[in-house]
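The values are calculated or read from the model by the stated rules, or taken from the named source; none is laboratory data. None of these values were measured; they are calculated from a predicted model. Quick reminder, even Gly has a Cβ in these numbers, built from the backbone with ideal geometry, and neighbours come from all protein chains shown. Heavy atoms of the whole protein, side chains included, go into the accessibility calculation; ligands, DNA and RNA do not. Shrake-Rupley method; radii C 1.70, N 1.55, O 1.52, S 1.80 Å.
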Amino acid sequence: MNNTTIKANVSDDSSMQHAQAESVHRFTERQGEYYSAQFEKIQSSNRLTVTFNPKAALFGPCWAAARNIWGFFWLSTFALLFSLVQLGRGLWGELGADKLAQAARLSDKSQEMAVKAQSALEAGAANAAALLRNSENLQRAADNALAAANEAAQGAEQLVIWGSVFLILVILIQGFIANLVYEKKYCQWRINNSEKSGFSYPNLLLGLAMLTMILPLMLYRFTAAKPVEWLTAFPANKAIFNSTSSWLDKAFDAIALQGAGFFDGITYSIRILLDGLEVVLVDTPWPVTTLVILFMAWRLAGPRVAIFTIAALSYLAFLGYWEKSMATIALLGAAATLCVLVGVPLGIVCAKNRTVDSIARPVLDFMQTMPAFVYLIPIIAFFGTGKPPGILATIIFGMPPVVRLTALGIKQVPPSIVEGALAFGCSRRKLLLDVEIPLAMTNIMAGINQTILMCLSMVVIASLIGAEGLGTDVLMALQFAAKGQGLLAGLAILFCAMIIDRIVQGCVKPTGRPAG
Amino acid sequence: MATDVIQLENVWKIFGKNSELAMKAINEEGLDKATVLERFSCVVGIADVSFTVPRGEIFCIMGLSGSGKSTLIRHLNRLIEPTAGTIKVLDRDMSALSNDELRGMRAKHIGMVFQHMALLPHRTVLDNVAFPLEVQDVPKFKRWEISQHALSLVNLNGFEDRLPHQLSGGMQQRVGLARALASDPEVLLMDEPFSALDPLIRHELQNQFVSLTKTLQKTTVFITHDLDEAIRIGDRIAIMKDGRLIQIGTPEEIVMQPADDYVADFVKGISNLKLISAHSIMQEINSYTVPEGISLADAPRAKEDTNLEHLIDISITTPLPIIITNAQGVDIGIVSKDTLLTGIKGKGDE
Ligand SMILES: Nc1ncnc2c1ncn2[C@@H]1O[C@H](COP(=O)(O)OP(=O)(O)OP(=O)(O)O)[C@@H](O)[C@H]1O
Ligand SMILES: [Mg+2]
């Protein structure tokens, strides 16, 4: 331990400086003197400061590992690897070796051919001329390969030069930014003392171990002409894959069989909701539907949106998409309603309960990032095809935003306002209904909006499993490469989305209020 | 005892995960604040506070920023649970209340004004004021009537239908005050209610507040960091430092006999003319030797609770000393010009 505690001095100013220096000492654990001087230099200027850390420059990754700056460690390791690989390829890699071999092979062949041609000529055979031409062609190819090999060999020199230039650059940059990075780390440490950053042997060893793993293997892989096979391709075992996937198949079948009643129940309830919506939207005479939509657009979102709505609706009607659009909106409406019915309460519970939150968060991530095609498979297995499964798939993709934004909105209600309400004897229920939800409303509505749009974007994919509507048209267009039809149907989907989006956003305004 | 509306006994609050452990260690080893922070990474918010407030009293709590005033006042309606100690309000042990009882107490009996207003931003001023009544299920018409009245008490007529963010900071603070008054609670908890107001309105509101609470016999705990304010409205003042109450006393006691340097620093530079009564500077009438050539027969008389300012006014009109009488009109003491000057100069002379 070369850690010296510095006694606070008499004068106020210098004692402040000492306190600073002492804190740097505590942070760095080793070389406190050096770093406190460097940090002071960095902190004394508002511009980018030029400092050079020779240790970091020379032993970049090791330095970073010992100081627990792993971001630096990896960047530096990769930069180093890149330059070393170039150098290695230039120095030891038998560049153009394969071309050289090819040239030799070709020229052998051409020789052979020439001999054959010669004998054919002597025998007076008819194909002698063809053979001769063949041989000449081969010879030319061999020459080309030789030239390429030579070029590659010359490239080796260039690789060496570039590799060394790059290496020097890496070293310089490392040296110049090390102290800056370390100072940033120091500032973080001041906020959170638990973040260790002093010199540590275990970390250094860990870093060294990783380097000894990575560097030789990489260098070997790129410099050896023919690396051993297990390095270039992972020695995967096909049997594991086969048995796992067939086991999963069986599991799916078993679940589908066991839970048939349950799945049918879900399908049934979704169908009831959907049927209700479809009757209202599709079977109502079009003038009535148009009037209602227009009126809503006008009252909720103003005249401009109303005009846009007229235009969009005429597009749908005149191109014959009316019925399909209404079916799509019914589908979407069912999905979005279910998303909101489940998502808003779930979001509220997430905001209030840590455990639920920590479970729901990864599940939501999963739902949002998993490609839709993947969960279409189990959905078909459990629910079959048709509209209800399509709606389910849409829900999976569309629900996360409303859950997340509701949770965010509830969490963002200022604690002082909650406290104010509680101080007057407000019950938990009243607090939620009359304080937290109204204050989170802007966020919740944004979430609902997002969810609706996400649901719309699923229309095409849901049509894959038989959820008919505008999506089917796009799908057909895709199958037959009908560009015009695809574009028109796509635009129809877009217009549906925009009408709904504008109207829902219009709903938000009355409750919206300036923040604060 | 029955008249003590608020009673606190050895109340401790320790913030942090290991508060129980820290409390135990404090009881056994008597650790100080810094050690507790270092060993348990717990902040001592309130340390061993005991006091009582009788009915109708305005009890001021003073202290520097971060001394734990807001933390303390939040214990009185259990917005914060104490780590140790008992708190009784209106003879009910606050920690023993069930959730429903606690809500009832907060809604009906304890009103609170917050340092940071804590108004509901999405509700009109009127609905904000009506909130405590709404919680008690008072019908809308009735609660609007009452709230209207409360708003007129703080001079906010005509702003009923605005939203809080359309009001200035001072006006918002008055909305908070009206809200606390609306449900007519016996106990008022006020966390720096006037600090965002301009001096004129503050002065006016202070006077209004004192007369209001006196006529309505409200018991008030009032936080401020302004000693002038504390002296003007407080019946008693408690000085707080690092979570402890260092001194409790009437304004006069605090100014005349500060318990330590911290309090002395606080009261330094406070004009004591209004604060000190004749009683505390007078000489016993028996021990007073009448100087030659002076007859006490014409000397003016003043009551023993007359303050110095008033005594000066009397003294200017006459060369004679002033005779001090008690409530029954019996002469009990004398204040000569010398005594008066010494009294004005301040404490520590005897
Ligand atoms: N939830 C909490 N967790 C940890 N420490 C807290 C918490 N609440 C308050 N404290 C600490 O308790 C101390 C007292 O805070 P408090 O808000 O009561 O001060 P105050 O006297 O009201 O100051 P001011 O005059 O600035 O309002 C502060 O040191 C603060 O850091
Ligand atoms: Mg405070």
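From largest to smallest, the equivalent ellipsoid semi-axes obtained for segment A:64-143 from the alpha-carbon gyration tensor read 56, 9, 6 Å.
Taken along the Cα-to-beta-carbon direction at a fixed 7 Å, the label points for A:A19 and A:V50 span 3.4 nm.
Is the shape of segment A:158-243 rounded, prolate or oblate, going by the alpha carbon gyration tensor and its root eigenvalues a ≥ b ≥ c, with a/c under 1.5 for rounded and a/b larger than b/c for prolate? Judged from the Cα gyration tensor, segment A:158-243 comes out oblate (a/c at least 1.5, b/c at or above a/b). Quick check: from the Cα gyration tensor, does segment B:278-349 come out rounded (a/c under 1.5), prolate or oblate? Because its axes are fairly even, with a/c under 1.5, segment B:278-349 counts as rounded. Label-to-label distance for A:R361 and A:W162 is 4.3 nm, based on points extended 7 Å past Cα in the beta-carbon direction. 3J(HN,Hα) couplings calculated from phi for segment B:237-251 with the Karplus curve 6.51 cos²θ - 1.76 cosθ + 1.60 (θ = phi - 60°) are, in sequence order, 10, 10, 9, 10, 8, 6, x, 10, 8, 8, 8, 10, x, 5, x Hz; Gly and Pro show x.
Only helices enter the 222 nm calculation for the protein assembly as shown: every DSSP H run of n ≥ 4 contributes -39,500 (n - 2.57), and dividing by all residues gives -20500 deg cm²/dmol, rounded to 500. From the alpha carbon centroid of segment A:262-290 to that of segment A:433-479 is 16 Å.
Taking amide H atoms as placed 1.01 Å from N in the peptide plane, the amide H of B:V113 lies under 5 Å from those of B:L189, B:M190, B:D191, each 5 or more residues away in sequence or on another chain.
Approximating the spin labels as points 7 Å out from Cα along Cα→Cβ, the A:F262-to-A:A147 distance works out to 7.1 nm. Scanning residues 5 or more positions from B:Q247 or on other chains, those with amide H under 5 Å from its amide H are B:I239, with H placed 1.01 Å from N in the peptide plane. Around the Cα centre of chain B, unit charges on the Cβ atoms of Lys, Arg, Asp and Glu (plus for the first two, minus for the last two) sum to a dipole of about 1200 debye. The simple Förster model, with R0 at 56 Å and r as the Cβ-Cβ distance, assigns A:T369 and A:A129 a FRET efficiency of 0.30. Ligands, DNA and RNA excluded, the heavy atoms of A:W74 present near 90 Å² of accessible surface to a 1.4 Å solvent probe.
Evaluating 6.51 cos²θ - 1.76 cosθ + 1.60 at θ = phi - 60° for every residue in segment B:272-279, the Karplus couplings come out as 9, 4, 7, 8, 8, 9, 4, 3 Hz, glycine and proline recorded as x. Taking amide H as placed 1.01 Å from N in the peptide plane, B:K13 has its amide H under 5 Å from the amide H of B:G45, B:I46, B:A47, B:D48, B:T83, each at least 5 places away in sequence or on another chain. A Cβ-based charge dipole, computed about the Cα centre of chain A with Lys and Arg at +1 and Asp and Glu at -1, lands at about 940 debye.
Entry note: chain B has Rg to Rh equal to 1.05, where both radii use alpha-carbon atoms and Rh is the Kirkwood radius.
Working from Cα pairs under 8 Å separated by at least six residues, relative contact order for segment A:422-516 is 28 percent. Here the Kirkwood formula, the inverse mean of 1/r across different C-alpha pairs, assigns segment A:16-227 a hydrodynamic radius of 21.5 Å. For the residues B:E81, B:E57, B:E145, a GNM of chain B with alpha-carbon springs under 10 Å puts the largest fluctuation on B:E145. For chain B, the longest principal axis of the C-alpha atoms and the axis of helix B:125-135 are separated by about 70°. Among A:249-262, B:183-196, sorting by the average number of other beta carbon atoms lying within 10 angstrom of each residue, highest first, gives B:183-196, A:249-262. Take the Cα of A:D283, go 7 Å toward its beta carbon, and the backbone nitrogen atoms of segment A:360-403 under 19 Å from that spot belong to A:387-388. Legend: residues B:M256, B:M62, sorted from most to least accessible area (1.4 Å probe; ligands, DNA and RNA excluded), read B:M256, B:M62. Take the Cα radius of gyration of the protein assembly as shown and divide it by 2.2 N^0.38 Å, N being the number of residues; the result is 1.48.
For chain A, taking Cα atoms only, Rg and Dmax work out to 35.3, 117 Å respectively.
Farthest toward the positive end of the dipole of the protein assembly as shown, out of B:L308, A:F52, B:Q247, is the Cα of A:F52, where the dipole comes from beta carbon charges about the Cα centre.
For the set A:K185/A:K411; B:K69/B:K214; A:K184/B:K24; A:K430/B:K214; A:K41/B:K69; A:K196/B:K241, the pairs lying more than 32 angstrom apart at their alpha carbons are A:K184/B:K24; A:K430/B:K214; A:K41/B:K69; A:K196/B:K241. Under the rule a/c < 1.5 gives rounded, and otherwise a/b versus b/c splits prolate from oblate, where does segment A:220-370 land using the Cα gyration tensor? Taking the square roots of the gyration eigenvalues as a ≥ b ≥ c, segment A:220-370 is prolate. Full extension of the chain between B:D91 and B:Q136 gives 14.0 nm of extra length, using 0.36 nm per residue less the Cα-Cα distance.
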